[in-house]
Amino acid sequence: MHKSAFIWSDRYYDYSFPGDHPYKSLRESLAKKLLEERGAFHYIDLIEPHLISEDVLQIIHSREYIEFIKSKSLEGKGYLDEGDTPAFKGIYEAALIRVSGSVTALKVVEDGSYVHGINIGGGYHHAKRDKAGGFCVFNDVALIAKMAEKNFSKIAIIDIDGHHGDGTQELLYDDPNVLKISLHMFHKNFFPGGGDVNEIGSGKGKGYTVNIPLPPGTADDAYLLAFNEVVVPILERYKPELIILMVGGDSHFNDPLVELKLSTYGYLDVIKKVHELSHKYSNGRIIMLGGGGYNYDATARIWAIAVAEIANIYDIEYEHLHDCCYTKSSQFVLEKVKNVVQQLKNIHSLY
Ligand SMILES: [Zn+2]
Ligand SMILES: [Zn+2]
């Protein structure tokens, strides 16, 4: 059994930036449609998010920051950061319902009513304690990891969004109970800037942050090499009791903002392995979140395939959603990734 809950509210549509901003809720609606067309919700339960209170947000955000977001939400003008994340009327409520969805996904897995909790409307890894960033207002990834510490002492976050999960890292940098793994594109002047191999955590959290910086042009072959040689052995060693998997769709080769070159096959291989590990170590406990993804068609297909794999309903109907084939890195990129892998093996003692 892979009893899965798909957290959904039609109010998710409210979290969509206006004008020509790349972040649109169309991604979530397209993904849900692909799943509906394949009869997925005969096997997966649709669950409404249970709205959280402000006290819950204060586990990771400051009171002042929450008040700032509320006032910008009433005003509906200007930006929440230096110019990436615009305010719009109702953004507070729109962000709150989506974060609530991730908390609900955690709750239904924690209380044992579901093995897998899915919230494609979640995944805001750039938000920090006092700061919005990269289209993110409240950091649901760090929040549910912190909340899960009540029941678990070994939680793993695996972030395969194309950008570094800087907010999650900063919020949990000294936390030894959460292993934070981020695979992302890393290049001069590329947002958000950090996520190099030597950022490994601080204090008691030292060694519990694993950054896998990948050069532009990293395709399935090199990405899977890094995943299999670094992420898998680290997870095997750590044996997480709960896995939070953030599936940003912007590592795809068609994404307009990120120059990684993952295909849907590369994504599926990663998700399959994480799913398998969750059953090996975590009694299947896995929370899947969404994230970035600015080619809406590719992101929707990635999410539908990921949900089908995790809920164990993947069949020929989902096979039709794939790209043509695996992607291949250039020799230059492959060598660069091999070098990163070697550095990480040394830093994280993988022998
Ligand atoms: Zn399963
Ligand atoms: Zn991203």
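Give me the percent of DSSP beta bridges within segment 4-347 that run antiparallel, rounded to the nearest 5. Don't jump to the answer; show the numbers that get you there.
On the way: 3 of 35 bridges.
Beta bridges within segment 4-347, antiparallel portion: roughly 10 percent.
Could you work out the relative contact order of segment 98-223, using alpha carbon pairs under 8 angstrom and six or more residues apart, expressed as a whole percent?
Worked out over segment 98-223, it gives 18 percent.
Go through F138, F332 and list them by solvent-accessible area, largest first, probe radius 1.4 Å.
Working: F138 5, F332 140 Å².
Highest to lowest solvent-accessible surface, that is F332, F138.
Mind telling me which of H187, H125, H252 comes out most flexible in a GNM of the chain, alpha-carbon contacts under 10 Å?
H187
Output the pairs from K107/K131; K107/K328; K24/K72; K24/K107; K33/K89; K154/K336 with a Cα-Cα distance over 29 Å in this structure; if there are none, say none.
Pairs exceeding 29 Å: K107/K328; K154/K336.
So, taking all protein chains as they sit and a 1.4 Å probe, how much accessible area belongs to R11, in Å² rounded to tens?
Ignoring ligands and nucleic acids, R11 comes out at about 110 Å².
So if I restrict to the alpha-carbon atoms in the chain, what is the Rg, and what is Dmax, the biggest pairwise distance, in Å?
Over the chain's Cα set, Rg and Dmax evaluate to 18.5, 55 Å.
Mind jotting down the distance between the C-alpha centroids of segment 299-351 and segment 28-82, whole Å?
27 Å
Which residue fluctuates most in the GNM of the chain (Cα springs below 10 Å): I118, I60, I212?
It is I60.
Please identify, among G194, G165, G122, the residue showing maximal mean-square fluctuation in a Gaussian network model of the chain using a 10 angstrom Cα cutoff.
G194
Give, as ranges by residue number, the residues of segment 227-266 whose backbone N falls under 13 Å from the point 7 Å along Cα→Cβ of L350.
Only 227-238 pass the distance filter.
Using Cα positions and a limit of under 18 Å, work out the aspartates and glutamates in reach of K272, with same-chain residues fewer than 8 apart set aside.
Straight-line reach from K272, under 18 Å: D159, D161, D220, D221, E229, E236, E241, E309, D315, E317, E319, D323.
For the pair K280/L74, report the inter-label distance in nm, with labels modelled 7 Å from Cα in the Cβ direction.
5.3 nm
Given labels modelled 7 Å from the Cα in the Cβ direction, how far is it in nm from E54 to V232?
Placing both labels 7 Å along Cα→Cβ, they lie 4.8 nm apart.
The values are calculated or read from the model by the stated rules, or taken from the named source; none is laboratory data. Values in this document were obtained by computation on a predicted structure and should not be read as measured data. Note that each Cβ is placed from the backbone with ideal geometry, even for glycine, and that neighbours are counted across all protein chains shown. Keep in mind that these areas ignore ligands, DNA and RNA; they rest on the heavy atoms of the full protein, side chains included. Shrake-Rupley method; radii C 1.70, N 1.55, O 1.52, S 1.80 Å.
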